[in-house]
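Engineer: Structure provided below as structure tokens; questions to follow.
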Amino acid sequence: MTHPSTTGPAPVLALRDISKSFGAVRALRDVSLELFPGEVHALAGENGAGKSTLIKTLAGVHRPDAGQVLLDGEPVVFSGPGDARDAGIAVIYQEPTLFPDLSIAENIFMGRRPRRTLGRIDHKATHAATVALMRRLGVDLDPDRPARGLSIADQQIVEIAKALSFDARVLIMDEPTAALTGSEVARLFGVVRTLREQGAAVLFISHRLEEIFQICRRVTTLRDGAWIASEPLAGMTEDDLVRRMVGRDLDELYPKQAVSPGEVALSVRRLTREGAFTDISFEVRRGEIVGLAGLVGAGRTEVARAVFGIDRWDAGEVEVDGRRLTNGAPSTAMAAGLALVPEDRRAQGLVMDMSIERNIGLTGLRTTVRAGLMDRRAERSRSLDWAVRLQVKYARIADAVSTLSGGNQQKVVLAKWLATGPKVLIVDEPTRGIDVGTKAEVHRLLSELAADGVAVLMISSDLPEILGMADRVLVMHEGRLTAEIPRSEATEETVMAAATGRAA
Amino acid sequence: ATACGGTTKEDVKNEGGAAATAGKADPNAATKKGLTVGFLPKQVNNPYFTTAGQGGEKAVKELGSTYKEVGPSSATDTSGQVSYVNTLTQQQVDAMAVSAQDPGALCTALKQAMNNGIKVVTYDSDTKPECRNAFISQASAEDLGRTEVQLLAEQIGHKGEIAILSAAQTATNQNTWIEFMKKELEDPKYKDMKLVEIAYGNDDAQTSFQQTQGLLQEHPNLKGIISPTTVGIKAAAQYLSGSKYKGKVKLTGLGTPNDMRKYVKNGTVEAFELWDPARLGELAGRTAVALASGQITGKEGETFRAGAMGEYTIGEDGVINLGKPTVFDAKNIDDFDF
Amino acid sequence: MPESVMRAVRWDTVVGALLVVVLLLSFGFVDGFGNALNLSFLIGNTLPIALIALPMTMLVVCGEIDLSVASTAGLSGAVMGALWNQGMAIEAIIPVCLLLGVVCGLVNGLLVTRLGLPSLAVTIGTLAAYRGIAQIVLGSDAVTDFPAPYLDFAAGRIGDTFVPYALLPFLALLAVAVVALHATPFGRSLFAIGAGEEAARFAGVRVRRQKLILFTATGLMASLTGVFWALHYASARYDNATGLELSVVAAVLLGGIDFDGGKGTLGGAIAGVFLLGALQNVMSLQDVSAQSQIVVTGVLLVLSVLGPRVARQVSAARAGRRAASAPVSKAPTPTS
Amino acid sequence: MTVTAPDRTPVTDVPRSSGTRLVDRVFRMRELAILAVLLVMIVVTQLGNSEFLSEQGIKDLLLNATILVLVATGQSLVVITRNVDLSVGSVLGISAFAAGTYLQGGGDSVPAVLLAVLTGVGFGLLNGLLVSLGQVPALVVTLGTLYIIRGIDSIWVGSRQITAADLPGSFVDFGSGGVRAVPYLALIALAVLVATAYYLKHFGSGRELYALGSNPEAARLAGIPVRKRILAAYTFCGALAGLAGALYLARFGNVDSGTGNGYELTVVSAVVVGGVVFTGGSGSVYGAALGALLLTSVNSVLPALGVSSVWVLAINGILLICAIAVDRVVALRVASALKKRNARHA
Ligand SMILES: Nc1ncnc2c1ncn2[C@@H]1O[C@H](COP(=O)(O)OP(=O)(O)OP(=O)(O)O)[C@@H](O)[C@H]1O
Ligand SMILES: Nc1ncnc2c1ncn2[C@@H]1O[C@H](COP(=O)(O)OP(=O)(O)OP(=O)(O)O)[C@@H](O)[C@H]1O
Ligand SMILES: [Mg+2]
Ligand SMILES: [Mg+2]
């Protein structure tokens, strides 16, 4: 295998010809990788390329079917995640793995808390250490609050804090930034740079290519479980990287079609939910894509949940196509033509143990019915249709969605809601964890839907995505709408100003 | 039928239920050998029923027949008992001796058994009379009820508040005895005694324990407790012996000598009574064989010889009385072992 | 191995097969098993468990449980007895009892769905409460004099066949339940609720309503069982059917219904019910003691969860070997 | 991408006054709710019957609770790990009989208690191995072992029984004796309870029990030895059930094949009433102990008030539901207070 010659020390961690299969799926085929101290190494590939599987193999979660893991040049066999941790490898998994009932501090220090005599836990020291970590990341999370109820972004931050607390030699991060906005990402990168200077090796996965270019020195690309290349990023362009990942040139990432908006499809008036958001009013017209921007925790998700009826609102009203929605009733919202692609795909978007087919079918329980009974053939063809349209990569449509890669799971969530043929589509972080190729596809799809007269409300923490796709941008700050910016005036500066509350 | 066309209790009463005991008794018929007699206690693994079963086994073997015992492992598993009746019917035993968990629930199954030519004897706890050929009563209910009151009255000097700690609220035999206790208390010589409460311990040690505690707390002037159940009296005795009430509150009722020996010796209990369960089982076994041999049919007035136990006469409703219960106290308790 | 075969080796099919094997062996080798009378005993005594197992399976599939079923049955039996003693007509009593069951189920359902209490805790509470009310209603009475036609219907069989009359309505109910669980949107949503309640809610499934319906149906079926029990055993007492909940739960678990929710089939549950019933019948006929029967039930339960797990590992190992040579699968093209 | 300064205020230098306060407070409030219910009940009873809180009365209350407290303590450890042990009643029964037979044969008290505990440990290990190695649903497995152990018990015991007369007098006296109103048995239970609670709060492996109940998958990824911990929880639960068996023998002086029958529901009720959540990860042994005390006290309160025993069962059930409802309402209140407090835009 040809690696570009690297100056400096020997690799701390290396994979040699690793293969791993799940049942009939060959997730990794003869993949090799070397991680050097003091470098940030990117791992790139489409959804389902095998990135997470590779990381789990490094972390001792999966035992490779063939091949070797080398630590400091010595072959090692990790019998479990504990072994990898003891070897100085810290991992942030793609999906947050917190203990909802334990405090944030306990989550961070689980298993290796500061001790007092007789092996008792030093609760005070744990608390202080957590405070210090939070300060380093520049966030304000109470170390004593339970992890239950944290937003995905906050969960991700706790995961990062957990990994940092190890002072590990090797830090592995599987899409740590997927749920974060610019400022948190910047903070994170600051910390990562410090670590790098201290000699740690970092393996970084992200579907946001600009982030890869921002912080990484080398990149390893995977395609369909196979190793494609390991090379320095210097001199590469985003297009080069995409070509490696996808094997072809990329379509335009933001294929926004110009549409002239029709009549009002979704109208939200003076909506208030105590403790979450206050006095929210806006309209979305047919054919329009409206972006909803804001910092993490601004309350965007809460607005979407309330509009769809998951949470009850305390005051205000919501209309879809002129029909008033009942407070707290998702089924009537659905009947009125509303669809919500939720932010947390694992808990809210999918029934993980159910098949792809049934998951997509779940939103069609009212339509794929004949004489009161399920019409299985209609259900299957509806599911297959959408799975294929969204290029979900799966072995069998009857497989549980839990066996899919993160990005493919996200596609199933989209499929499930697009299959309802909504009039108003609310998408909350629709491309979180989706690779560039598919992201372009999702954007094209949203754009087409809008062109067909669907009103789209797009919540996203990916500012370029908002700017690229939205006809209008609404901005929230601390539970209130602070700005409405037309496409022509929307720039990073104007949106961020409103999001941080600096502009009225 | 009533005006609205439904079937009510009245209609059923008018129909009347006649259970015919077919055939005619031949007192001189030979005792058949090689029969199979199935014993079906309320609960297997219950020491009381095991002792009774041993008596039955002795009798049946002596008469040259085969003894077998089946039964549910819980005393409240009525459906389990029903299916054991079905099983015995299915196995075509010649007679069965049943201690019924429920007077009505076994009826359908028992009648089915009788239709299949199987003789049915109940012992310890009866069913409705038409569902069996004969019932072996451990002692007349009247005797038991009245003597227990007499025993307690002597111990407390015919004066003071008393209470009863029974088993389950539905236990038929308990309820009959309690009725007779109340009747006995109507006698003027008990005018200074007052029955203040009947508590139910469900034949469960812990519940009986707590019910005893409750009785004592609620009635600080309580002088005596009657517990006509072996489980209840044992639990009450254990509680009393470890509490400040020991010796002050008298306890009597139905108990086995082995259970109660310790409490009689340490002064918690003066005297209590019981019939001999082994004799109860033996009589049940002999009656079953007599029925299967055609010596009796279960009609009132018929008599038969039950080996060394002597001659027995069938009373009203096919009831056969075992005899008077034995009273145990410090003097005689060591003569018994069951 | 062909996919269809692989998929057929699920625990519920195993239980079904086991039932068939037990029946065949018993017909062949156990004296007195095969005749019509015994079979009718077997079916009659198993029906109460089977009746409650129908709604219980659905409840468990959607991640809830109702331990108060036996008490509800006891309560409706007690009320039936009490009203009968009052001189009310049986034709009027039975609907009243069924209505009572609906109320009991509704109370459970409301406590679970409105207050958000765990159903295990709620129904342990109502298990005591309903039984207690039954005790207050009927006290120490045992009512046995129900009208003969009703008793005959509940305990009798069709001519000399092995078919108890009561089996026919049960089969009808079974058919309704199977269709409801496995072929309607309602049933589909139950599986979704059981496997991922929040995701189901986000998909517009009316979680609380579905659960309420199920609890109510469970109450109804429990009271129907109570009425049947009182007539079948010709005895209405407050402690009728005590402990039946554990038998139902054991049978349903044996049938491969996963208590975490979201998995299982009614066929499996009913096979589990009758497997236990048949085994008990056979063991009794063979003079196996009650104590040993308990052990057998326990061992079966443990095997019922260990079995599928071992099977899964074996088939996973096999699939792994196959995959080594197979090409990577791509997204298939749509078939329609 | 432009990076704007985060508007979040940095964390203040002074850490909030003490350790894991907030999470604890949630538990503590729930325990207080149960305690309040218990106290109200006792005060009302005392007003209605002055004998209730006499020395004997208090002793009885404590004695009644002892055995359930022990078993509930063990059970809550298992429930915290998102499992359950239904076989505790059977284990209690068989270990009580084991200790009894040993004593009957002229053995000493201490080895007898040890024998009971070891019997419990044995069955606890069996449960733990089946659940953790087989990775199968605990409910089914322990329902299975409930039947198996009960069956073995009744085959072994048959119709034998051990009565107070068979036991050394000192052993039986110990069962009902105590320091004034405080029975020895209650002191044993209290010691076990306090030690367990301390362990759960202050030791890493104790916290790990909560962690793996809260999110088993995450626990695996965090390198927690999941199987070992579950096995330990079951063994401990079994040991306490065994100990409870020995104490049962001392207290009631009577064991037969039915001892402990149906106890599992009572134990589960106590644990649930005590606020230990069945989906794992939260609850405390103090709560479970309070739940046990509440349940057994109800059984003493009603007879002491002269409520006919016909009503006891119904009232029991209704009280149980009220207790969990109160607990739930309190929990919801705390949660919403928590949310308000943490809302970043107050
Ligand atoms: N536990 C599992 N069982 C079966 N198949 C699995 C399992 N985990 C992963 N796979 C399969 O392995 C392949 C690689 O998945 P992996 O999660 O590594 O992808 P990824 O590169 O991380 O993708 P993404 O960018 O979407 O996160 C996919 O086809 C996936 O379906
Ligand atoms: N289910 C929940 N329980 C408790 N708190 C919650 C819950 N969901 C969100 N929150 C809190 O409410 C606040 C608003 O979160 P929300 O998710 O609405 O923000 P957002 O603008 O959508 O940000 P993002 O989605 O980027 O995290 C956050 O502080 C979050 O921690
Ligand atoms: Mg991934
Ligand atoms: Mg959000």
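Engineer: Determine, at each q value in 0.13, 0.21 (inverse angstroms), the log₁₀ of I(q)/I(0) that the Debye formula gives when each Cα of the stretch D:262-337 is one equal point scatterer.
Structural biologist: Values, matching the q order: -0.42, -0.95.
Engineer: What does the convex hull of the alpha-carbon atoms of the stretch B:13-147 project to on average, in nm²?
Structural biologist: Result: 10.0 nm².
Engineer: Translational D (Stokes-Einstein, µm²/s) of the protein assembly as shown at 10 °C and 1.306 mPa s when Rh comes from the Kirkwood sum over C-alpha pairs?
Structural biologist: Approximately 44 µm²/s, per Stokes-Einstein.
Engineer: Could I ask something else about it? Convert 4 °C to kelvin, take the viscosity as 1.567 mPa s, use the Kirkwood radius over C-alpha pairs of the stretch C:54-150 as Rh, and evaluate the Stokes-Einstein diffusion coefficient in µm²/s, rounded to a whole number.
Structural biologist: In µm²/s, the coefficient is 91.
Engineer: Let me ask another. Given points 7 Å out from each Cα along the Cα-Cβ axis, report the residue A:484 to residue B:92 separation in nanometres with one decimal.
Structural biologist: About 9.2 nm, to one decimal.
Engineer: For n ≥ 4 DSSP H runs only, could you compute -39500 (n - 2.57) per run for chain D, divide by its residues and tell me the 222 nm figure to the nearest 500?
Structural biologist: Using -39500 (n - 2.57) per qualifying helix, the result is -25000 deg cm²/dmol.
Engineer: What is the mean projected area of the alpha carbon convex hull for the stretch D:92-224, to one decimal in square nanometres?
Structural biologist: Computing the convex hull of the Cα atoms and averaging its projections yields 10.7 nm².
Engineer: Which of rounded, prolate or oblate describes the stretch A:275-323 when judged by the alpha-carbon gyration tensor and an a/c cut-off of 1.5?
Structural biologist: Oblate is the answer for the stretch A:275-323, as a/c is 1.5 or above yet b/c matches or exceeds a/b.
Engineer: Say each of residue A:398 and residue B:179 gets a label point 7 Å from the Cα, pointing the same way as Cα to Cβ; how far apart are those two points in nm?
Structural biologist: Taking the two extended label points, one gets 6.6 nm.
Engineer: Along each principal axis of its Cα atoms, how long is the stretch C:183-292 end to end? Whole angstroms, biggest number first, please.
Structural biologist: In descending order, the Cα extents are 55, 29, 23 Å.
Engineer: Shifting gears a bit: Structure shown: which of B:24/B:119; B:68/B:324; B:189/B:246; B:183/B:248 lie over 20 Å apart, alpha-carbon to alpha-carbon?
Structural biologist: B:68/B:324; B:189/B:246; B:183/B:248
Engineer: Determine the per residue accessible area of the protein assembly as shown with all protein chains present and a 1.4 angstrom probe, expressed in square angstrom.
Structural biologist: With all protein chains present, the protein assembly as shown gives 36 Å² per residue.
Engineer: Which order do the peptides D:132-140, A:474-482, D:41-49 take when ranked by the mean count of other beta-carbon atoms within 10 Å per residue, highest first?
Structural biologist: The most tightly packed comes first, giving A:474-482, D:132-140, D:41-49.
Engineer: In cubic angstrom, how much convex hull volume per residue do the alpha carbon atoms of the stretch C:228-292 span?
Structural biologist: Spread over its residues, the Cα hull of the stretch C:228-292 gives 128 Å³ apiece.
Engineer: Could you pull out every residue, at least 5 positions away or on a different chain, whose amide H is within less than 5 Å of the one on residue A:265? Hs are placed 1.01 Å off N in the peptide plane, and Pro or chain starts have none.
Structural biologist: Close amide H contacts, sequence-distant or interchain: A:284, A:285, A:286.
Engineer: Right, next: Taking the convex hull of the Cα atoms, report for the stretch D:62-125 its projected area averaged over all directions, in nm².
Structural biologist: Hull-based average projected area comes out at 4.8 nm².
Engineer: Could you list, bin by bin from short to long, the percent of Cα-Cα pairs of chain D in 10 Å steps?
Structural biologist: 6, 23, 30, 24, 11, 4, 2, 1, 0
Engineer: Using the Kirkwood formula on the Cα atoms of the stretch C:178-218, what hydrodynamic radius do you get, in angstrom to one decimal?
Structural biologist: This gives a value of 10.2 Å.
Engineer: What dipole magnitude, in Debye to the nearest 20, does the protein assembly as shown give about its Cα centre under +1 on Lys/Arg Cβ and -1 on Asp/Glu Cβ?
Structural biologist: With only Lys, Arg, Asp and Glu charged at Cβ, the dipole is about 2320 debye.
Engineer: Tell me which of A:365, D:159, A:111 sits at the most positive position along the dipole axis of the protein assembly as shown, charges placed on C-beta atoms (Lys, Arg +1; Asp, Glu -1).
Structural biologist: After comparing all options, I get A:111.
Engineer: With a 1.4 Å probe and all protein chains left in place, how much of the accessible area of the protein assembly as shown comes from carbon and sulfur atoms, in whole percent?
Structural biologist: Roughly 56 percent of what the probe reaches on the protein assembly as shown is carbon or sulfur.
Engineer: Follow-up. Computed from the mean reciprocal separation of all distinct C-alpha pairs, what Kirkwood hydrodynamic radius does the stretch A:1-93 have, in Å?
Structural biologist: Mean inverse Cα-Cα distance, inverted, gives 13.7 Å.
Engineer: What does the charge count around residue D:53 come to, taking other residues whose C-beta lies under 14 Å from its C-beta (Lys +1, Arg +1, Asp -1, Glu -1)?
Structural biologist: -2
Engineer: What's log10 of I(q)/I(0) for the stretch D:130-173 at q = 0.23 Å⁻¹, Debye sum over Cα points only, no solvent?
Structural biologist: For the requested q values the scattering log ratios are -0.78.
Engineer: How big is the Rg/Rh ratio for the stretch B:228-278, C-alpha atoms only, Rh by Kirkwood, two decimals?
Structural biologist: On the Cα set of the stretch B:228-278, Rg over Rh gives 0.95.
Engineer: Taking the stretch A:394-439, how much of its Cα-Cα pair set, in percent, is spaced more than 11 angstrom apart?
Structural biologist: Cα-Cα pairs of the stretch A:394-439 separated by over 11 Å account for 70 percent.
Engineer: At the nearest 100 Å², what buried accessible area, both sides summed, do you get for C and D when the probe is 1.4 Å?
Structural biologist: The C and D chains share an interface burying roughly 3100 Å².
Engineer: Return the Rg/Rh ratio of the stretch B:181-338 with Cα-based radii and a Kirkwood Rh.
Structural biologist: In the stretch B:181-338, Rg relative to Rh is 1.07.
Engineer: Right, something else. So how do D:282-293, C:87-98, A:234-245 stack up, highest first, on mean other-Cβ count within 10 Å?
Structural biologist: Going by the mean number of other Cβ atoms within 10 Å, highest first, we get D:282-293, C:87-98, A:234-245.
Engineer: I need the calculated FRET efficiency for the pair residue C:35 and residue C:292, taking r as the beta carbon distance and R₀ as 22 Å, to the nearest 0.05.
Structural biologist: Given R0 = 22 Å and the Cβ-Cβ separation, E is 0.35.
Engineer: Working from the alpha-carbon coordinates of chain B, get Rg over Rh, Rh being the Kirkwood radius.
Structural biologist: Result for chain B is an Rg/Rh of 1.01.
Engineer: Count the net charge of all other residues whose Cβ sits under 14 Å from the Cβ of residue D:195, scoring Lys and Arg as +1 and Asp and Glu as -1.
Structural biologist: Combined, the nearby Lys, Arg, Asp and Glu give +2.
Engineer: Another question about this same structure. Among D:128, C:75, C:244, whose Cα lies farthest out toward the positive end of the dipole of the protein assembly as shown, if unit charges sit on the beta carbon of Lys, Arg (+1) and Asp, Glu (-1)?
Structural biologist: Going by the charge dipole, the pick is D:128.
Engineer: Can you tell me the length gained on complete extension of the stretch residue B:248 to residue B:332, counting 0.36 nm per residue apart and subtracting the Cα distance?
Structural biologist: 28.0 nm
Engineer: How are the Cα pair distances of the stretch C:100-253 distributed, in percent, across 5 Å bins from 0?
Structural biologist: 2, 8, 13, 18, 19, 15, 11, 8, 5, 2, 0, 0
Engineer: Additional query: How big is the C-A contact in terms of buried accessible area, both chains counted, 1.4 Å probe, rounded to the nearest 100 Å²?
Structural biologist: Summing both sides, the interface buries roughly 3100 Å².
Engineer: I want the local charge near residue B:288. Using Cβ-Cβ distances under 10 Å, sum +1 for each Lys or Arg and -1 for each Asp or Glu among the other residues.
Structural biologist: +1
Engineer: Sticking with this one: What residue among A:201, A:254, A:310 has its Cα farthest toward the positive end of the dipole of the stretch A:200-320, where the charges are +1 on Lys, Arg and -1 on Asp, Glu, each on the Cβ?
Structural biologist: A:201
Engineer: While we're on this one: Could you tell me how many cubic angstrom of Cα convex hull volume the stretch A:280-392 has per residue?
Structural biologist: 152 Å³
Engineer: Summarise the partner chain shielding of C:41-49 as one whole number: the mean count of Cβ atoms from other chains within 10 Å of each residue's Cβ.
Structural biologist: Taking all residues of C:41-49 together, the mean is 3.
Engineer: Sticking with this one: Work out how far the C-alpha atoms of the stretch B:275-322 reach from end to end along every principal axis, then list the three figures in whole Å, largest first.
Structural biologist: 25, 21, 14
Engineer: Going by Cα centres, the stretch A:163-183 and the stretch D:50-84 are how many Å apart?
Structural biologist: Distance between centres, Cα-based: 47 Å.
Engineer: With the Cα gyration tensor of chain C giving a ≥ b ≥ c as the square roots of its eigenvalues, does the rule (a/c under 1.5 for rounded; else a/b larger than b/c for prolate; else oblate) give rounded, prolate or oblate?
Structural biologist: The shape class here is oblate.
Engineer: Could I ask something else about it? Does a label point 7 Å from the Cα of residue A:237, set along Cα-to-beta-carbon, have any residues of the stretch A:186-211 with amide nitrogen under 17 Å, and which are they?
Structural biologist: From the stretch A:186-211, the list is A:209-210.
Engineer: Please express the shape of the stretch A:341-403 as an equivalent ellipsoid: the semi-axes are the square roots of 5 times the eigenvalues of the C-alpha gyration tensor, given largest first in whole angstrom.
Structural biologist: Equivalent ellipsoid of the stretch A:341-403: 20, 14, 11 Å, largest first.
Engineer: Considering the alpha-carbon set of the stretch D:48-163 alone, what are its Rg and its Dmax in angstrom?
Structural biologist: My reading of the Cα-based Rg and Dmax gives 17.0, 54 Å.
Engineer: So how strong a dipole does chain C carry about its Cα centre when Lys and Arg Cβ are +1 and Asp and Glu Cβ are -1, to the nearest 20 debye?
Structural biologist: Approximately 1540 debye in magnitude.
Engineer: Ok, one more. If the viscosity is 1.567 mPa s and the temperature 4 °C, what translational diffusion coefficient in µm²/s does Stokes-Einstein give for chain A when Rh comes from Kirkwood over Cα pairs?
Structural biologist: Translational D for this selection: 54 µm²/s.
Engineer: Please say if the stretch A:339-457 is rounded, prolate or oblate, where rounded means a/c under 1.5 for a ≥ b ≥ c the square roots of the C-alpha gyration tensor eigenvalues, and otherwise the choice is prolate for a/b larger than b/c and oblate otherwise?
Structural biologist: In terms of gyration-tensor shape, oblate.
Engineer: If you don't mind, another one. What quantity of accessible surface, computed with a 1.4 Å probe and excluding non-protein components, is buried in total between chains C and B, in Å² to the nearest 100?
Structural biologist: Result for this pair: about 3000 Å² buried.
The values are calculated or read from the model by the stated rules, or taken from the named source; none is laboratory data. It should be emphasised that the depicted structure is a prediction, and the values quoted were computed from it without experimental measurement. Every residue, glycine as well, gets a Cβ built from its backbone with ideal geometry; the counts of neighbours run over all protein chains shown. Just the protein is used for accessible areas: all its heavy atoms, side chains included, with ligands, DNA and RNA removed. Shrake-Rupley method; radii C 1.70, N 1.55, O 1.52, S 1.80 Å.
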